[in-house]
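The next block holds one structure in the form of structure tokens; read it before the comments.
The values are calculated or read from the model by the stated rules, or taken from the named source; none is laboratory data. The structure displayed is predicted, hence computed values, not measured ones. Every residue, glycine among them, receives a Cβ derived from its backbone with ideal geometry; neighbour counts consider all protein chains shown.
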Amino acid sequence: MSDSVSNRPVALAAAEAAPRAKASNYPEPFASRVKGRIKRPLGDLFGLASFGVNLTTLKPGAMSALRHAHVKQDEFVYILEGEPTLITDAGRARLNPGMCAGFKGGTGDAHHLVNETADDVVYLEIGDRLPGDGATYPDDDIAAVAAAGGWRFVHKDGTPYA
């Protein structure tokens, strides 16, 4: 057994996992729009390579991400606490604990969660890690492409963000 494997936990309390060191990978002015979102990257703690799992908290007024659609990645969310509003191309839907939603990559259906309540929202988000993914953002002048070590963000015309 390698050191990297032996140093991984066998199990842990998800709520006690450390939050992501960098709150958002978006460039400004977009990073400040997801203020109040706390992601705890659970899958990374176990060395998962095929899919990621985050325990995410949205403080009142926070959003999960800019409204987006992945080119390849399938995504799934499961609501644990609170009542977020799911916004998709089809409209708005209030979710409750125990509800879930899935987003198939490549469909173009842009989505995100928004906490429009006075209480925290807590949910699990799961997504695959297929190479060559990208994301479109219909409401904003931004696009994302997968790059070594994370996402690279550009304007819709292809000009990189500084």
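Quick check on this structure: which one of 15, 65, 49, 69 is assigned to a loop (DSSP other than H, G, I, E, B) and either touching a Ser or Thr at 6+ places or on another chain (Cβ under 8 Å) or surrounded by fewer than 18 Cβ atoms within 10 Å (Cβ to Cβ) (or both)?
Only one candidate qualifies: 49.
So, in region 75-99, exactly how many residues are surrounded by fewer than 12 Cβ atoms within 10 Å (Cβ to Cβ) and either in contact (Cβ under 8 Å) with a residue 12 or more places away in the chain or of a type in the set (Asp, Glu) (or both)? Don't jump to the end; show me each part of the working.
Step one: list which residues in region 75-99 are surrounded by fewer than 12 Cβ atoms within 10 Å (Cβ to Cβ), which gives 90-92, 94, 96, 98.
If we keep only those that are either in contact (Cβ under 8 Å) with a residue 12 or more places away in the chain or of a type in the set (Asp, Glu) (or both) as well, we get 90, 96, 98.
Of the residues in region 75-99, 3 are surrounded by fewer than 12 Cβ atoms within 10 Å (Cβ to Cβ) and either in contact (Cβ under 8 Å) with a residue 12 or more places away in the chain or of a type in the set (Asp, Glu) (or both).
Given (1) farther than 30 Å from residue 160 by Cα; (2) at pLDDT 95 or above, identify the lone condition not met by residue 2.
If we test residue 2 against (1) farther than 30 Å from residue 160 by Cα; (2) at pLDDT 95 or above, just (2) comes out false.
Could you list, ordered by first residue, the pairs with Cβ atoms under 6 Å in which the first is in region 114-135 and modelled with pLDDT of 95 or more and the second is of a type in the set (S, T, N, Q) and assigned to a strand (DSSP E or B), at least 6 apart or interchain?
114/85; 116/85; 120/57; 122/57; 123/56; 125/54; 125/56
Tell me which residues, restricted to region 107-123, are of a type outside the set (Asp, Glu), surrounded by fewer than 21 Cβ atoms within 10 Å (Cβ to Cβ) and not in a strand (DSSP E or B).
107, 108, 110, 117, 118
So the check is Cβ under 6 Å with 6+ separation or different chains; which pairs have a first residue in region 35-56 that's closer than 14 Å to residue 73 by Cβ and touching a residue at least 12 places away in the same chain (Cβ under 8 Å) and a second one that's of a type in the set (Lys, Arg) and in a strand (DSSP E or B)?
Once the first residue is closer than 14 Å to residue 73 by Cβ and touching a residue at least 12 places away in the same chain (Cβ under 8 Å) and sits in region 35-56, its partners that are of a type in the set (Lys, Arg) and in a strand (DSSP E or B) give 54/39.
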